[in-house]
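Input: a single structure, listed below in structure tokens.
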Amino acid sequence: MRTNAGNLKKGEFIFYQGEVWQIQKADFYSPGKGSALMKTRVKNVKSAKNVDITYKSNESVETVDVESVEMQYLYKDTENIYFMDSRNYNQYSLPLNIVGTVADYLKEGQRYFVYLHDEQPISMRPPMSVRLKVISTEEAVKGDTVSGAKKPAQVETGVTVMVPLFVKAGEIITINPETGQYGERVKE
Amino acid sequence: MQIHTNPQNLKYYKVYLKVEEGVHSFLKKNGYLKIDVPVLSPALIPESYLEVFKTEYRFFNRKEPLYLTPSPELFLKRILSKGVGNCYSLVKAFRNHEPPSSLHSFEFTMLEIYKLNSNYLDLAEDLLALLRHLCNQIFQKDHLVFKGVIVDFRKWEKITVSEAFRKFASVNERELFDRESFLRRAKKKGYVVDGYSYEDLFSQIYVQEIEPNLGKNGFPTLIYDYPRQFAALAKLNKDKKTAQRFEFYIAGVELGDCYSELTDWKEQEARFVEEEKKRLRTGKIMHPVDKDFLEALQYGLENCAGIAIGFERLAMIFAGAASIQELKLITITDNL
């Protein structure tokens, strides 16, 4: 499939120099003269290398057909993260440098979407938000709440995030796994 | 579209306010008059590459189109021609078809400054002094660090567009100023050239290969003398190949665009007609052309230089923010 570069969106996959790349950032940009441009940052799904490509906004770009399959997250080691397709019990792995810091927020046993191209996993779709339990955080001290004072809190996957002062250990919170940003408190 | 309140941006917003204060105090001290201008206008300067916002004034049966101004230029040049002297505006500007991103927004703040009896490089000196003033006010020193890049405001790193193309894109001067050779060179580099113009490819290579290198050598970069195709409202140099125009960069971020202003009204009128035709051809919103602006040029615009600076970008550098959106307590985002 082909599309105009102006339509490219974060998360989509394109072919560039014969390899598959995922769009990390796509900014429409209209310079003083000449065609409007699409400034993209793309990540190679094999090497995790980032490259900036500037397209003319109406330039034709070849997109990659991918299948998005819901899989169970099994575990991770120092290099890879492992999933299982529960339809056929096939196991797949993705290098941690492809998944990025999103992996720090994933809970074993939960289901996430993995992208396949030619039946090979190339990336995963980070969930919009994950629900994680706060394991430890200091008791609130009085602070300047207007400026959104924050304190560190460790969540059940082991990673530390910044949360508002009112959050207590044992509570469940939502986090955007792409930014590590706290969302809200939720009931179990 | 959605409205967001961002109290977490307060610390960046406070720097934004300091930059604003610094701009006003510096310009006042240096004899520039602050001009308050409207943001709604019944006519505009035709610019082929940008889209405008159109609205309507109504009074009973009367209806008249009004346009949100994409820059205060038309007002400032009129008032300049009436003899107010050196002046500036810090005002909201509106550009349609510009999705919000880290460096863009369809509604933003523009700092536009005009200096009489000066050319673009004269104004560059005042600009450098302004940047140094801001840096001193905020950091009590002449340099800052943005995204790991040191930027010292004691001098410019100056480079011509032609030198930059040779240095960063391996395009020599002969190729740069000859349409055919330029397109051939671009094709060899792997760019798609079929169906595209010199301007299209120039912009693409400029953004891809030149821009990322600008403002990264310890000083802000002033890149000047653009090919005449990019003259817009700027005077041409004696060589007739280049226009008296510069842009300036800090750490790869473009912050402003400066011209020795064209005062030849006939040339200006010809460029207006050309730009209007292009607007029609590219399906842009057609608006009345500000004819009195031409008259102002005809009867009184002295030699002057003008610069337009993206104010949020400027503040972003001093705040150390990653995006202009981080400076705002209230943002409108496009969720598409």
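The values are calculated or read from the model by the stated rules, or taken from the named source; none is laboratory data. None of these values were measured; they are calculated from a predicted model. Glycine also receives a Cβ, built like all others from the backbone with ideal geometry; neighbour counts cover every protein chain displayed.
Quick check: anything in the range A:161-182 out of contact with any helix residue (DSSP H, G or I) (no Cβ under 8 Å at 6 or more places or on another chain), modelled with pLDDT under 90 and of a type in the set (D, E, K, R)? No, there is no match, as no residue in the range A:161-182 is out of contact with any helix residue (DSSP H, G or I) (no Cβ under 8 Å at 6 or more places or on another chain), modelled with pLDDT under 90 and of a type in the set (D, E, K, R).
Look at the range A:26-36 and say how many of its residues are outside any loop (DSSP other than H, G, I, E, B) and either touching a residue at least 60 places away in the same chain (Cβ under 8 Å) or within 15 Å of B:ILE205 (Cβ to Cβ) (or both). Full working, then the answer.
Taking the range A:26-36 first, the residues outside any loop (DSSP other than H, G, I, E, B) are A:26-29.
This time we only want the ones that are either touching a residue at least 60 places away in the same chain (Cβ under 8 Å) or within 15 Å of B:ILE205 (Cβ to Cβ) (or both), so: A:29.
Looking only at that region, the number is 1.
Consider the range A:1-25 and keep the residues that are without any contact (Cβ under 8 Å) to a residue 12 or more places away in the chain and in a loop (DSSP other than H, G, I, E, B). The one that is surrounded by the fewest Cβ atoms within 10 Å (Cβ to Cβ) is A:GLY18.
Restricting the range A:121-150 to residues that are within 14 Å of chain B (Cβ to nearest Cβ) and on the phi < 0 side of the Ramachandran plot, the residue that is modelled with the highest pLDDT is A:MET128. Contact map, the range A:42-56: first residue closer than 18 Å to A:THR101 by Cβ, second residue not in a strand (DSSP E or B), Cβ cut-off under 6 Å, separation 6 or more or different chains; pairs are A:ALA48/A:ASN97; A:ALA48/A:ILE98. Mind checking which residues of the range B:178-191 are within 13 Å of chain A (Cβ to nearest Cβ) and under 27 Å from the mean Cα position of the chain (by Cα)? B:ARG179, B:PHE182, B:LEU183, B:ALA186, B:TYR191, listed by residue number. Condition check for B:PRO99 on (1) away from chain A (no Cβ under 13 Å); (2) farther than 18 Å from B:LEU255 by Cβ: one failure, at (1). Screening A:LYS39 against (1) facing chain B (nearest Cβ under 10 Å); (2) part of a loop (DSSP other than H, G, I, E, B) leaves a single unmet condition, (2).
Apart from one condition, B:GLN208 fits all of (1) more than 14 Å from chain A (Cβ to nearest Cβ); (2) free of Cβ contacts under 8 Å to residues at least 12 places away in the same chain; the exception is (1).
Total residues in the range B:66-88 satisfying the condition of being of a type outside the set (Phe, Trp, Tyr), away from chain A (no Cβ under 14 Å) and either buried (at least 21 other Cβ atoms within 10 Å of the Cβ) or in contact with a Phe, Trp or Tyr (Cβ under 6 Å, 6 or more places away or on another chain) (or both): the figure is 10.
Name every residue in the range A:44-79 that is more than 14 Å from every other protein chain (Cβ to nearest Cβ), among the small types (Gly, Ala, Ser) and assigned to a loop (DSSP other than H, G, I, E, B), in order of residue number. Lay out the reasoning, then the answer.
First, pick out the residues of the range A:44-79 that are more than 14 Å from every other protein chain (Cβ to nearest Cβ): A:44-49, A:63-79.
Restricting the remaining residues to those that are among the small types (Gly, Ala, Ser) gives A:47-48, A:68.
Listed by number, the residues that qualify are A:SER47, A:ALA48.
Could you please find all residues in the range B:164-207 being basic (Lys, Arg) and over 15 Å from B:GLN229 (Cα atoms)? Correct list: B:ARG166, B:LYS167, B:ARG174, B:ARG184, B:ARG185, B:LYS187, B:LYS188, B:LYS189.
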